[in-house]
């Protein structure tokens, strides 16, 4: 039992060692601080462009003859997580790559990356986050060029919006066709 008490060092023992070697502790602190500052200074700049999108469904369950206003959005708790996945897929990102000519912009040494490699590069620069307990998604794009980051973020939203409008129209057209078939 007495041996255990001798082995345990008290806080004051540690403080005594630090007081004796204060120059070494201070030198280590400044060395780490200067190294971090130099690393941060020479690291390439990277800018972030954010777009916040509200995702609501208007045609998920078309309410043609109901009392509710059919133009009002329907709350679907699964819609935001679904859109979260859809935005990162090739169906949205390939048109973005084509419309912004990202393969040409990201070419190095006259070597144009393939569409798949460009897709992977875009996915690595893309960050999609759900805003908790809302129907909002935050789309962030990181790039050394602030203009290109903003263009990509806006184009992703534009392509998604166009695709979504087409899908909503198709759902409404099918509902109207089904209603017409029942009437006839």
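Rule-based calculations on the coordinates, nothing more; no lab input. If you're wondering where the values come from, they're calculated on a predicted model, not measured in any experiment. Counting neighbours? That spans all protein chains shown, and the Cβs are built from the backbone with ideal geometry, glycine included.
Here are some notes:
- Taking every C-alpha pair closer than 8 Å and separated by at least 6 residues, the mean separation divided by the residue count of region 113-184 gives a relative contact order of 15 percent.
- Cα-based Rg of region 125-174 normalised by 2.2 N^0.38 Å, two decimals: 1.43
- Long-range tail of P(r) for region 85-184 (Cα pairs > 17 Å, %): 59
- From most to least packed by mean Cβ count within 10 Å, the peptides 13-24, 115-126, 92-103 give 92-103, 115-126, 13-24.
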